[in-house]
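The values are calculated or read from the model by the stated rules, or taken from the named source; none is laboratory data. Quantities reported herein were computed from a predicted structural model and do not represent experimental measurements. Here Cβ is always computed from backbone atoms with ideal geometry, including for glycine, and neighbour counts include all displayed protein chains. We work out accessible area using only protein heavy atoms, side chains counted, and drop any ligands, DNA or RNA first. Shrake-Rupley method; radii C 1.70, N 1.55, O 1.52, S 1.80 Å.
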Amino acid sequence: MAATQLKPCLVLLLTFSLLAFASAISRNRIKSLNQIKEVNRKGPYIGLITVIATEEDAFFASGSFKPDPKFPFIDLSGRRFRFGVVRGRKVVYVRCGEGMTNAVAATQQMVDLFDIKGIIHFGIAGNTNNSMSIGDVTIPNQIAHTGLWEWLNTNGTLDSADVAQLEIGDYNVPKGNGTNLLGHIGYMEEEYYSVAGEPNVAESLLWANISPQWLQLASNLEGMKLEQCVNSSLCLTEKPKLVVGLRASTSNIFLDNAAYRDFLFQKFGVSSADMESAGVAMTSLSNGYPVIVIRGLSDLAGNQEGDNVISKFGGLAAVNSVKVVLGFIRNLPLITR
């Protein structure tokens, strides 16, 4: 067959392939939409969101999650949304994946598609407060997105609206020696859109305030017993505790640096640092849903000697966060339509 005859055949074959692919996607989408209608008839639900496999494993290992026998899960956009019951409350659970983009995408998808009455976000975090310890669980009352920066040259002028400033040259060793060409960083507020505000008009927001009714409910759990040992040969020196009402920070950075840890605590007064909580909290609140964040402290965010201990204590921190989540769910009023 001549090349001139072969080209139209290839184009036709490619067209048929694309049409078949599009048709398959369409059929899958229709199937998913029908499943969503079915599960929503069984709602409403409490939304549960974790981040990584360590947190998910701790949740399922608790044995508290009882899958729905007819619709145990629906796969959407690469994520598996699981339906079931925890402590007598109907839940939909998803693991969002690391970082703000994943956190926001999964949360928005959950509130858009499912009959949700609120979001519980839980997992592990770095400890930025010397009065807290590994294994402790924190339920913050405020969360800031501390990853919105303007990064300027040494002679650049910071915006007057910036809420904090990091002068990188202050960390030269010896102090004040020479000029640090990395300049300085200004911390910006979030542009926050909300169903409670005017359409298309953003509010400047640094601190997302966790739903007060849920915080009050969580405060009743302070003093509960948490796990102290990973196994018979690896235990924490102090009994872990639950603390409600501190501050937390989120950015797309895994924090393992003592100097920056200290900066965050001194400038923002935060006790924990993670990569997702502000995304889940702000997305939930902007859509008008109550939200609470429950994080077990897995490491010292760089304030340790040697390597980060998240590989040793991450699992224990996740287990303790799950224990608090289960206690919180048990205390939630039964949900009705």
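A few comments on the model shown:
- Leu181 fulfils the conditions (1) under 30 Å from Lys323 (Cα atoms); (2) modelled with pLDDT under 95; (3) among the aliphatic types (A, V, I, L, M) except for a single criterion, (1).
- Residues that are at pLDDT 95 or above and within 19 Å of Gly314 (Cα to Cα) do occur in segment 79-95.
- Wholly enclosed helices (runs of 4 or more DSSP H) of segment 234-337 bearing at least 3 residues closer than 29 Å to Lys42 by Cβ and in contact with a helix residue (DSSP H, G or I) (Cβ under 9 Å, 6 or more places away or on another chain): 277-286, 310-331
- Which listed residue is touching a residue at least 60 places away in the same chain (Cβ under 8 Å) and not polar (S, T, N, Q), from Ala258, Ala202, Ala248: Ala248
- Candidates Leu236, Leu246, filtered to the one that is within 20 Å of Asn320 (Cα to Cα) and touching a Pro at 6+ places or on another chain (Cβ under 6 Å): Leu246
- Pairs linking a residue in segment 304-317 that is among the small types (Gly, Ala, Ser) to a residue that is surrounded by fewer than 18 Cβ atoms within 10 Å (Cβ to Cβ), with Cβ atoms under 8 Å and 6 or more positions apart or on different chains, are Gly315/Asp57; Gly315/Val230.
- Residue match in segment 50-62 (condition: part of a loop (DSSP other than H, G, I, E, B), modelled with pLDDT under 95 and either out of contact with any strand residue (DSSP E or B) (no Cβ under 8 Å at 6 or more places or on another chain) or farther than 24 Å from Asn102 by Cβ (or both)): no
- The set of residues in segment 60-101 that are touching a Lys or Arg at 6+ places or on another chain (Cβ under 9 Å), within 25 Å of Ala125 (Cα to Cα), open to solvent by less than 60 Å² (accessible area, probe 1.4 Å) and not aliphatic (A, V, I, L, M) comprises Ser62, Ser64, Phe65, Arg79, Tyr93, Cys96, Gly97.
- Check on Gly169, surrounded by 12 or more Cβ atoms within 10 Å (Cβ to Cβ), modelled with pLDDT under 95, of a type in the set (Gly, Ala, Ser) and more than 25 Å from Ala125 (Cα to Cα): yes
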